[in-house]
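The values are calculated or read from the model by the stated rules, or taken from the named source; none is laboratory data. If you're wondering where the values come from, they're calculated on a predicted model, not measured in any experiment. Neighbour counts run over all protein chains shown; Cβ positions are idealised from the backbone, glycine included.
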Amino acid sequence: MTRKVQVKKQLLVKPDRVKSLKTVPFESGFHFYTAIGNYTGITATNLNEFAAKLQIIPIESVRFHFQRKDFQRWIKDIFGDTELAEQMTRIKQGLSAEDLRKEILSIVDALAV
């Protein structure tokens, strides 16, 4: 009699994408604002959280941070991911706020998560 053994697949993380799993202290997290002094109460402490929270933050926050290059600066300075930051910098100006959100998510999903 042949016995089948089911083996769980293990998730292998590519070394160049380990930074997407890095979690930073709350103080170093990305704190989403809609304007200077207007904190949304939402913070991301790793790139996976950043992508998840980017989907639910107020659209004003997306536009506010993108125009100031806050997303790019945080990703580069905190995670050292210059490639991801550079890709965000290349997003064309003039997109609708929702298209901008989708474009940022697309880049983060492709390069970090």
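Is there a residue being closer than 20 Å to Ser28 by Cβ, more than 9 Å from the chain's Cα centre (by Cα) and either part of a strand (DSSP E or B) or of a type outside the set (Gly, Ala, Ser) (or both) anywhere in region 93-100? Outline the logic, then answer.
Pass one, region 93-100, residues closer than 20 Å to Ser28 by Cβ: none.
No, region 93-100 contains no residue that is closer than 20 Å to Ser28 by Cβ, more than 9 Å from the chain's Cα centre (by Cα) and either part of a strand (DSSP E or B) or of a type outside the set (Gly, Ala, Ser) (or both).
Within region 24-41, is there a residue that is surrounded by 12 or more Cβ atoms within 10 Å (Cβ to Cβ), at pLDDT below 95 and in contact with a Leu (Cβ under 9 Å, 6 or more places away or on another chain)?
no
Test Gln72 against the stated conditions and say whether it is without any contact (Cβ under 8 Å) to a residue 24 or more places away in the chain, assigned to a helix (DSSP H, G or I), among the polar types (S, T, N, Q) and surrounded by 20 or more Cβ atoms within 10 Å (Cβ to Cβ). Break it down into steps so the answer makes sense when it comes.
Details: without any contact (Cβ under 8 Å) to a residue 24 or more places away in the chain: yes; assigned to a helix (DSSP H, G or I): yes; among the polar types (S, T, N, Q): yes; surrounded by 20 or more Cβ atoms within 10 Å (Cβ to Cβ): yes.
Judged against the criteria, Gln72 is a match.
Quick check on region 13-23: of everything there that is charged (D, E, K, R), surrounded by 12 or more Cβ atoms within 10 Å (Cβ to Cβ) and part of a helix (DSSP H, G or I), which residue is modelled with the lowest pLDDT?
Going through region 13-23, the residues charged (D, E, K, R) turn out to be 14, 16-17, 19, 22.
Still in the running and surrounded by 12 or more Cβ atoms within 10 Å (Cβ to Cβ): 17, 19, 22.
Subsequent filtering for residues that are part of a helix (DSSP H, G or I) retains 17, 19.
Values: Arg17: 47, Lys19: 52.
Per the criteria, the residue is Arg17.
Yes or no: region 46-65 includes at least one residue that is modelled with pLDDT of 95 or more, surrounded by fewer than 12 Cβ atoms within 10 Å (Cβ to Cβ), under 16 Å from the mean Cα position of the chain (by Cα) and of a type in the set (A, V, I, L, M).
Looking through region 46-65, at least one residue is modelled with pLDDT of 95 or more, surrounded by fewer than 12 Cβ atoms within 10 Å (Cβ to Cβ), under 16 Å from the mean Cα position of the chain (by Cα) and of a type in the set (A, V, I, L, M).
Consider Val108 against the criteria (1) within 18 Å of Lys22 (Cβ to Cβ); (2) surrounded by fewer than 19 Cβ atoms within 10 Å (Cβ to Cβ); (3) among the β-branched types (Val, Ile, Thr): it satisfies all of them except one. Which criterion is unmet?
The single condition Val108 does not satisfy is (2).
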